[in-house]
1. Working only within the range B:147-156, note down all residues that are over 14 Å from residue B:239 (Cβ atoms) and either in a loop (DSSP other than H, G, I, E, B) or more than 8 Å from chain C (Cβ to nearest Cβ) (or both).
2. In the range A:221-229, is there at least one residue being facing another protein chain (nearest Cβ under 9 Å), at pLDDT 75 or above, surrounded by 13 or more Cβ atoms within 10 Å (Cβ to Cβ) and under 30 Å from residue C:251 (Cβ atoms)?
3. On the given criteria, is residue C:129 more than 10 Å from every other protein chain (Cβ to nearest Cβ) and in a strand (DSSP E or B)?
4. Looking at the range C:193-214, can you tell me whether even one residue there is free of Cβ contacts under 8 Å to residues at least 12 places away in the same chain, away from chain B (no Cβ under 11 Å) and in a loop (DSSP other than H, G, I, E, B)?
5. Would you please name the residue that is surrounded by the most Cβ atoms within 10 Å (Cβ to Cβ), looking only at residues in the range C:91-105 that are under 19 Å from residue C:223 (Cβ atoms) and in contact with a strand residue (DSSP E or B) (Cβ under 9 Å, 6 or more places away or on another chain)?
6. What residue, among those in the range B:251-265 that are touching a helix residue (DSSP H, G or I) at 6+ places or on another chain (Cβ under 8 Å) and at pLDDT below 80, is farthest from residue C:13 (Cα to Cα)?
7. Search the range C:31-58 for residues being more than 25 Å from residue C:209 (Cβ to Cβ) and in contact with a helix residue (DSSP H, G or I) (Cβ under 8 Å, 6 or more places away or on another chain), and hand back the single one that is surrounded by the most Cβ atoms within 10 Å (Cβ to Cβ).
8. Let me confirm something: among C:127, C:159, which residue is surrounded by 23 or more Cβ atoms within 10 Å (Cβ to Cβ) and more than 30 Å from residue A:197 (Cα to Cα)?
C-alpha cells in the first residue's frame, strides 16, 4: 500500500526517527498510517526506560511534514456517524494519545506542509522546529467538516484558543513567522537547516538524564489532564454530521476541483427583525 | 435614550452587523446596551441553523469600538452589593455568555478604544481584527473597582494571565502591536483597512460550511467549559466592595476630573519588622 | 549563614522590597532562603488590608535575580525520596503558594540570571520586568532531576506548555527577547533601566485602589485554581528518583565540573523491529 509510517531504530546516540511516507501525496495520512503510528508508539511505550531510543525525531519524507488526511479514503467511512466516530475515536485519538503518552522526548522536524492531522501530530510533540517556508493549518471547514472534540482539546491546549479559532473558523493557513508569533512552533530556522536543527535538539536531549526528562514529561501530562475529559457518550452527538449535505458537498467539490457551495443559494434575508 | 445596540440583518452574503452606538461617549456601554446585546444574541441563538446570518461582524459606530461602561450610570447600582452583583451576574454575564454561546462566527472589528466591557465583548468573539492605533485596557483599578470573577475567567482564558495582570493590576493600556504580541488580537492592519479586513474575514467564513464552523465552535466551547465554574453563592462575597470608600473615591475623582486618592494619607510605616 | 532573604519595609509610597541575597552564588537559593521567603510572605499575608506595603518589588542583590538552588546543599536531602519530597512539598511549594496567595501586587525586577527556583518565584509574581541581558531557564535535566509536579503546574500556567517543554526537555536557556516573545516576561527594558522600570510599575500600582487590586488578584487566583490540584499522595511516586544513579551522576558531574554521563554506555540498538 502507498502510505506508511516507518521507525528507524535508535542510532549510536540513541536517536530514533519516525518517518511519515506517502509519496505524491505530501505524506497525507491514511487509516493505515494512523494505525502504524499508534502501533509503533505503543511499542515504544511498552519498552522499559533503559531500552530503546532516548529521543525520537518525527519527520516526513520528501520535504513535507504531513499534509492532512488522505481524502481519497474518506468515502469509506466519513458519511456514516458510526464509522466516522470510530475513525476519530478509535483510529485518530488513540494514535495521538500514544504520542502524548510517550515518555521519551519527541522532536517534530517540520518541513513544508503541516496541516490537519499533521498539525495534530506536531501538537503532541515536545519540540516543534520548522523552516521558513513551512505552512500550518486545518482548513477542513472548506471540506464541510469540523475538528473532532478530543483533537480540539489537544491542539487548543498547545496553540491556544485564539489561534485555533483562526485556523478552524477562517480556514486560514499560517506561515512560519505567524506560527512562531502565535507560539505554535518552538523555533523557526532556514529551510535548509530544519533537519540539522532537529538533530541538534535531539542530540542535546539524548545527552540529558532520560529519567529527568521522563519525570518532567509525566508531570506535564498530569497537569494537562487534571480535569477529566468528557466521556465517549458525551462526544457521540458530535458525529451526527456524517451523512449531511454540507459534508458531502465539501468533499465532492474538493474531489471535483471546484468551489464548494454550502447551503447555497443563501437563506432568505433575516426573518427576525432588528430589535433595537 | 442615548446608547443602543443595533443589528443589521444578514446581507446577500449572509453577513450581519452588530453595532454599538453611543454618540459622544465612544460607545460606552449602558445597562440598556448590555440588555440589547443579550436580547439580540439570544434571538440569534434561537434561530435554526439554516436561518439568519452566517457570520456576524461586531463593530462600534464612529471610529471607536467600545470604551468601557458608561460611568454616568454607576451611581444607580454600583454602591450596593446586591445591585452590583445583579449588574455583573444578571446583566453583564448573560450578555457575554450569549456571545460565547453563539454558534455563528463573530468577527470583532476593533477601531480605536477597546476598553473594559469592550475588551470583554471582544474576548467573546472568534476573530479579533484591529487597527494600528487601537488601544486595549481595563484600567478600572483607577476607579476603585475590580473585574468580576466570571469576566476574569472569560478574559484570562483568551488573553492569558500574564497579560490580564498587566491590564488589571498596572491599569496599563496596550497599543495594537503590544496587543498582537500578547495574542490579544488575531491580526493588526492599517487603521483605514480594519473594516475591509473584517469584511474579508466575514466573507471567507460565510463561504465555508456553516455546519463545520458550528460544530468546531461547539467543541471549542466544550473544551473551555470542561471544569465546572464556581457557583453564584461562591462569587457573592466578591461584590461586598460596593459601598466601600475606595470604590466611591475612584468614581468621584473620575467624575470630578481629579486624581483619586486611595487610602491617602498612606498607612504608617510597616509595623511588622524585617524578619531576616 | 550565607544566603538570606531580606524584606525592606514599605517606604513613603507604600513600596516594600523583598531581596534575595547570597553573595558569590548569584543568589542561589538555600533551604533557609526558601523558609525566609515563606515566613516573610506569610507575615505579609496575615496583615490587614490597610496595613503594610501596597506593592512589593522582588529583586536579587548584585545584578542577578536568582540563579536556581544552592547545589552545595543537595547532598543533605536530595538522595532520599522522603527528604526530597519534604523539600519540594514542605519547603518549596509553601513558599511559592505564599507568593501566589499574596494579595498585594508583586513586581519581579529581573536582572541577570532567572533560573530554576528563581524562574518559579518570578512566575508567582504579577509583573515580570527584565533587562536585555537577562537569562531564563530550568536546565535541571543536566543535573539528573525533573521539575516537581506542583512547580510544573505553577510555571506551565504562566509560561505555557510549549515554552516549559523547551526549558525542561532541551535544558535550553532563553535570552530576554525570546522570553518576551514567549510571554514569559511582561516587558523587557535596557539593563540599566530595570530597577527604574520596576519602581515605575510599583509606583503606578501603589497609586491605584488597593482594594481593586486585591479583589482582581483574588478572582485571578480563583480562576487558576478552579480544578482541584492533585493530592499529596498522588504526587508521592514522583520523588522515587531520589536515590537513582542518574540523579547522583548529574549532581556529581556538576560538582566535579565534568560532563554528566547518563546511562552511558548507550543501551544496545533497538530490540523491537520496525513494524511497517
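1. Within the range B:147-156, B:154, B:155 qualify.
2. Kept after step one, since they are facing another protein chain (nearest Cβ under 9 Å), are these residues of the range A:221-229: A:222-224, A:226-229.
Applying the additional criterion that residues be at pLDDT 75 or above yields A:222.
From what's left, surrounded by 13 or more Cβ atoms within 10 Å (Cβ to Cβ): A:222.
Still in the running and under 30 Å from residue C:251 (Cβ atoms): A:222.
Among the residues of the range A:221-229, at least one is facing another protein chain (nearest Cβ under 9 Å), at pLDDT 75 or above, surrounded by 13 or more Cβ atoms within 10 Å (Cβ to Cβ) and under 30 Å from residue C:251 (Cβ atoms), which makes the answer yes.
3. yes
4. no
5. Residue satisfying both the conditions and the ranking: C:105.
6. Filtering the range B:251-265 for residues that are touching a helix residue (DSSP H, G or I) at 6+ places or on another chain (Cβ under 8 Å) and at pLDDT below 80, the one farthest from residue C:13 (Cα to Cα) comes out as B:255.
7. Going through the qualifying residues, I end up with C:37.
8. Matching residue, one of C:127, C:159: C:127.
The values are calculated or read from the model by the stated rules, or taken from the named source; none is laboratory data. Everything numeric in this text was worked out from a predicted model, so none of it was measured. Note: ideal-geometry Cβ built from the backbone for every residue, glycine included; neighbour counts use all protein chains shown.
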